[in-house]
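Okay, here's the structure, questions in a sec.
The values are calculated or read from the model by the stated rules, or taken from the named source; none is laboratory data. Owing to the predicted nature of the structure, the values given are computational and were not obtained by experimental measurement. Please note: Cβ atoms are built from the backbone with ideal geometry, for glycine as well, and neighbour counts cover all protein chains shown. Side chains are part of the model used for accessible areas, which takes the heavy atoms of the whole protein and leaves out ligands, DNA and RNA. Shrake-Rupley method; radii C 1.70, N 1.55, O 1.52, S 1.80 Å.
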Amino acid sequence: MAFTGFVKERKRIGDMLIDAGKVTLDQLKEALARQKQVGGRIGNTLIDMGFVTENDIVQTLCNQLKLDSVNLDAVAINKDVIALCKDSAVLKKYVVIPYEIDAYDSKYLKLAMADPMDIQAIDDMTFITGMQITPVVAATTRIMAAIDRYYGNMETQAVADIFAKERGLNNAQEEEEEVNEAVENAPIVQLVKKIIEQGARQRASDIHIEALETRIRVRYRIDGVMQEAGSYQPNMLPAMITRIKIIGGMDISEKRKPQDGRITQVVDKVEYDIRASILPTVYGEKTVMRLTAKQNLTRDKKNLGFSDEELKTFDKIFKNPNGIILVTGPTGSGKSTTLYTALAELNQTDVNIITVEDPVEANIDGINQVQVNPKADLTFASALRSILRQDPDIIMIGEIRDQETASIAVTASITGHLVVSTLHTNSAAATITRLADMGLEPYLIADSTVGVIAQRLVRRLCSCKMEDVPTEDEMAQLGMTPETIAKDKEEYEKLDPEEQAKRPLPGHICRAKGCVQCNGTGYKGRIGVYEMMSITPKLRHIISNKGTTEQIEEVAIAEGMSKLKNSAARLARQGITTIDEMKRIVYSEE
C-alpha cells in the first residue's frame, strides 16, 4: 500500500495508546511531564517508564493507521536498496530505514519507520531516494540495529579514512607526540566509539582489537564464537590504543607492560560496563574489551535454562539460612548472572546482604556492594573481615581466589551466615577437592558447604532451525531410549500448540541452518546447562573422609544429581540447541 496522506488527520501516539487501552490518562500525563524534562519522543519515554513495550506501540500504530509492520531481524536488505540512501545520519535522525522496493510497482519504496506520522521524514526520504514512500511500522531498537548492521562498517571505515587523510597516516609513521595529540581528533574518538557501539548492538561479549603485521583486525565474540568485524591500516593503532587508554583511565605513556582499565558507555539507552585489557605484542598493543550490559545480569530464574528438577534443587539450595553455596565454571560461563539472579530473589527488606566484588558488575537496589581495591589494601580477605562486623545475613564473594579468602568464608558460614561465591572448576564434584587443595580441612568443607552449581553456556538455535531424524550414534549420545522418547512425548503433549511449534517431534532433533537474523551462523543467543549438587548427609560423610572427585561424583549421581551432559542433551532433544553444542560441553567436561 502506497503512502496516501493519512497524516492529514494526525492523531497523537499518546491518544492512540489510550484508545487502544495500552496506557491510562494519568500515565500519559506523567510521561509528558518527564518528556518536557529529558526531551525525545513520547513513545520512547513511555517505554523507558515501563508503561508500554515497543511491541505495544507497533501494534497500536498498525491498528490505528491501517499500516503493515515488519520484523527487520528477519529481512535481508538488498544492496541496491542500501545504495538509495548512504547517509546513515539521516536514517538515525528520523529512525527509519528503507528495506524493500515494492514488488508490484518499482516506483514505491518500503520504509520501516518508528513514527510513520513523521511527514518531514517521509518528504526527506522521498527527495533523497527519488522514489515514492510506503510507510511500514517497525520497532525503534530493530531499526537502529538494522542501520548498524548494514551501515556500521561503512561508518567506521569512513571515519578511519577521514582520520588517515587528516593525519597523513598513509605516508609516514607518526611521531610519539603527534600520536598523543591525534587522540583528541574527533575521527579517532568516533571510530573507537562506533567499534564499541557495533559490538554492543551485535550482542558481542568481547571486542578484540589486534595488531597484525599488515593491518589492524577487529573481531567480536558473539555467542562464544569469534567473528571478524573490520580491518584498518596498521599505523592507526597507536592513536586507537591511546584513546582507549584515556577513556579507560590507563597510563598512555606506558607501552611495555600490560594494563587494565574500565569504561562505561551507553548504547541505545543501555549502560555497558566495559573492562579493557591491553597487552603488548610483537606488532603493537592488543586490546580486549569485555562488555557487560548491567540490566542483563539480573533475570527471572525461569529464563536461565533450568529444568523443573533443576529449579527445585536451585530453590532448595538457596533456602539454606547458612552455609556456603558455590557457582563454578570457566570464565564467561554465566556464573555472575546466576549469582545476581539468586541475590535479587533473596533481596528483602528484612535481610542484610553485602557483596565484595572485583569489579561490581551490576548495581542492585537494596544490596550493599563493595568494590575490591588492592591499591588501598582492600582485598577480598580484608573486606570480608570488615563485612563480618557489619551484621550481614548473606555475603556474596565475587570469587574465592586463595586460601585466606576461603578460610574466612568457611568461618562466616559456620557462624550463621549464608555465603555465596564463584570458583573456577570443571565440575560440581571437583569443587570440593579444589577447596581441599586450597588447604581447607575436609571436615570444615563438609560442614559448611550446602550446594554447588556447575554451569556452562550453549548456543541457542535460531528460528531458522531444521528438524531432522538423528542417526543411531546421535540417539545413543543423547540418551534417546524408548523410555526417554516416551517421557519427551508425554511432556510434548502437555504443551500448547504455540510451544509445540518451537520443538521437534519426540524422537527428532534440530540442526543449525543460518539466515539473516542469525548472520548465517544458525544460532542466536545462549542458554545455561547445569550440574546441581545439593550436599546430602551421605555426601558430607564422603567429603569429611577425604573422598576423591570420582567418589564424590558417584555418590552425588546416586543421590539425584544430573550431569552437565544430561542437561545439554535435554536441550538438544527439545530443539533448543544442537548435538554439536552438547559435544563441545561434554568434551570440555571430560
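Assign one of three labels to the range 230-281, namely rounded, prolate or oblate, based on the Cα gyration tensor with a ≥ b ≥ c the square roots of its eigenvalues; rounded applies when a/c is under 1.5, prolate when it is not and a/b is larger than b/c, and oblate otherwise.
Oblate.
Taking the Cα centre of the range 9-109 as origin and charging only Cβ (+1 Lys, Arg; -1 Asp, Glu), how large is the dipole, in debye to the nearest 20?
440
Mind ranking 552-564, 193-205, 59-71 by how tightly packed they are, going by the mean number of other C-beta atoms within 10 angstrom, highest first?
Output ranking for 552-564, 193-205, 59-71: 193-205, 552-564, 59-71.
Relative to 2.2 N^0.38 Å, what does the C-alpha radius of gyration of the range 286-357 come to as a ratio? Two decimals please.
1.25
If we restrict to alpha carbons, what Rg and Dmax does the range 447-590 come to, in Å?
Radius of gyration, then largest Cα-Cα span, for the range 447-590: 17.5, 56 Å.
In addition: May I ask you to give the average projected area over all directions of the convex hull of the Cα atoms of the range 52-131, in nm² rounded to one decimal?
Mean projected area of the Cα convex hull: 5.7 nm².
So the label point goes 7 Å from the Cα of VAL38 along Cα→C-beta, right? Which residues of the range 249-276 then have their backbone N under 15 Å from it?
Residues passing the 15 Å test: 266-272.
DSSP loop trypsin sites (Lys or Arg not before Pro) in the range 305-396 with at most 14 other Cβ atoms within 10 Å of their Cβ, which ones?
Passing sites in the range 305-396 are LYS319, ARG389.
Continuing with the same structure: Which of the pairs LYS487/LYS513; LYS312/LYS513; LYS302/LYS524; LYS107/LYS194; LYS316/LYS489; LYS93/LYS524 have their Cα atoms more than 25 Å apart in this structure?
Beyond 25 Å between Cα atoms: LYS487/LYS513; LYS312/LYS513; LYS107/LYS194; LYS316/LYS489; LYS93/LYS524.
Quickly estimate the mean residue ellipticity at 222 nm for the chain, helices only: each DSSP H run with n ≥ 4 gives -39500 (n - 2.57), and the total goes over all residues, rounded to 500.
It lands at -12500 deg cm²/dmol.
What share of Cα pairs, in percent, lie more than 28 angstrom apart in the range 221-356?
38
Among PRO98, GLN37, LEU65, flag the residue with its Cα farthest along the positive direction of the charge dipole of the range 11-131, charges on Cβ as +1 for Lys/Arg and -1 for Asp/Glu.
It is GLN37.
List the relative contact order of the chain as a percent without decimals, with contacts defined as Cα pairs under 8 Å and 6+ residues apart.
Answer for the chain is 9 percent.
In vacuum, with every alpha carbon of the range 1-145 counted as one equal point scatterer, what does the Debye formula give for log10 I(q)/I(0) at q = 0.14, 0.16 Å⁻¹? Two decimals, please.
-0.66, -0.85
How long are the semi-axes of the ellipsoid equivalent to the range 425-519, from square roots of 5 times the Cα gyration tensor eigenvalues, in whole Å, largest first?
Computed over the range 425-519, the values are 39, 18, 14 Å.
Still on this structure, I have one more. Express in % the proportion of alpha carbon pairs of the range 391-454 at distances exceeding 13 Å.
In whole percent, the share of Cα-Cα pairs in the range 391-454 beyond 13 Å is 60.
Could you put PHE380, PHE127 in order of accessible surface area, largest first, with the 1.4 Å probe and the full protein assembly present?
Sorted by accessible area, descending: PHE127, PHE380.
Another question, if that's okay. With an 8 Å Cα cut-off and a minimum separation of 6 or more residues, compute the relative contact order for the range 19-104 in percent.
Computed value for the range 19-104: 20 percent relative contact order.
FRET efficiency for ILE119 and VAL270, Cβ-Cβ distance as r, R0 = 30 Å, nearest 0.05?
After rounding to 0.05, the efficiency reads 0.50.
Quick check: net charge around GLY334, other residues with Cβ under 11 Å of its Cβ, Lys/Arg +1 and Asp/Glu -1?
+4
About its Cα centre, how strong a charge dipole does the range 437-508 have in debye, to the nearest 20, once Lys and Arg get +1 and Asp and Glu get -1 at the Cβ?
320
Okay, next question. Could you do me a favour and compute the accessible area per residue for the range 1-104, 1.4 Å probe, result in Å²?
Normalised by residue count, the accessible surface of the range 1-104 is 59 Å².
What base-10 log of the normalised intensity I(q)/I(0) is obtained for the chain from the Debye formula, alpha carbons as equal point scatterers, at q = 0.07 Å⁻¹?
-0.54
Just to confirm my understanding: which cysteines in the chain have no other cysteine beta carbon less than 4.7 Å from their beta carbon?
Here CYS62, CYS85, CYS510 come out as lacking a disulfide-compatible partner, given the Cβ-Cβ threshold of under 4.7 Å.
Given axes a ≥ b ≥ c from the Cα gyration tensor, I'd like to know whether the range 326-456 is rounded (a/c under 1.5), prolate (a/b larger than b/c) or oblate.
Rounded shape, in that the Cα axes give a/c under 1.5.
Return a whole-number percent for the relative contact order of the range 337-451, with Cα pairs under 8 Å and 6 or more residues apart as the contact set.
22
Scanning the chain for helices, which whole DSSP H stretches are 27 Å or more long along the axis (Cα) and average -1.0 or more by Kyte-Doolittle?
140-167
Report the local net charge at PHE380: Lys and Arg +1, Asp and Glu -1, summed over other residues whose C-beta lies under 14 Å from its C-beta.
Combined, the nearby Lys, Arg, Asp and Glu give -4.
Could you give me the radius of gyration and the Dmax of the range 18-73, taking only the C-alpha atoms into account and expressing both in angstrom?
12.0, 34
Which FRET efficiency value, to the nearest 0.05, is calculated for GLU493 and LYS546 with the Förster distance at 56 angstrom and r the Cβ-Cβ distance?
It comes out at approximately 0.70.
If you put +1 on each Lys and Arg Cβ and -1 on each Asp and Glu Cβ, how big is the dipole of the chain around its Cα centre, in Debye rounded to 20?
Computed about the Cα centre, the dipole is about 500 debye.
Moving on. Expressed as cubic angstrom per residue, what is the convex hull volume of the alpha carbon set of the range 312-351?
82
Hey, quick one: spin label on ASP26, modelled 7 Å out along Cα-Cβ, who in the range 42-80 has an amide N within reach, i.e. under 15 Å?
The answer is 51, whose backbone nitrogens lie closer than 15 Å to the label point.
Still on this structure, please answer the following. Using the beta-carbon distance between SER386 and TYR104 and R0 = 45 Å, what value does 1/(1 + (r/R0)^6) give for FRET efficiency, to the nearest 0.05?
That gives a FRET efficiency of 0.05.
Given a 1.4 Å probe and every protein chain left where it sits, what share in percent of the accessible area of the chain is carbon and sulfur?
Carbon and sulfur: 48 percent of the exposed surface of the chain.
Given just the C-alpha atoms of the range 263-322, how large is their convex hull per residue in cubic angstrom?
Expressed per residue, the convex hull around the Cα atoms of the range 263-322 is 185 Å³.
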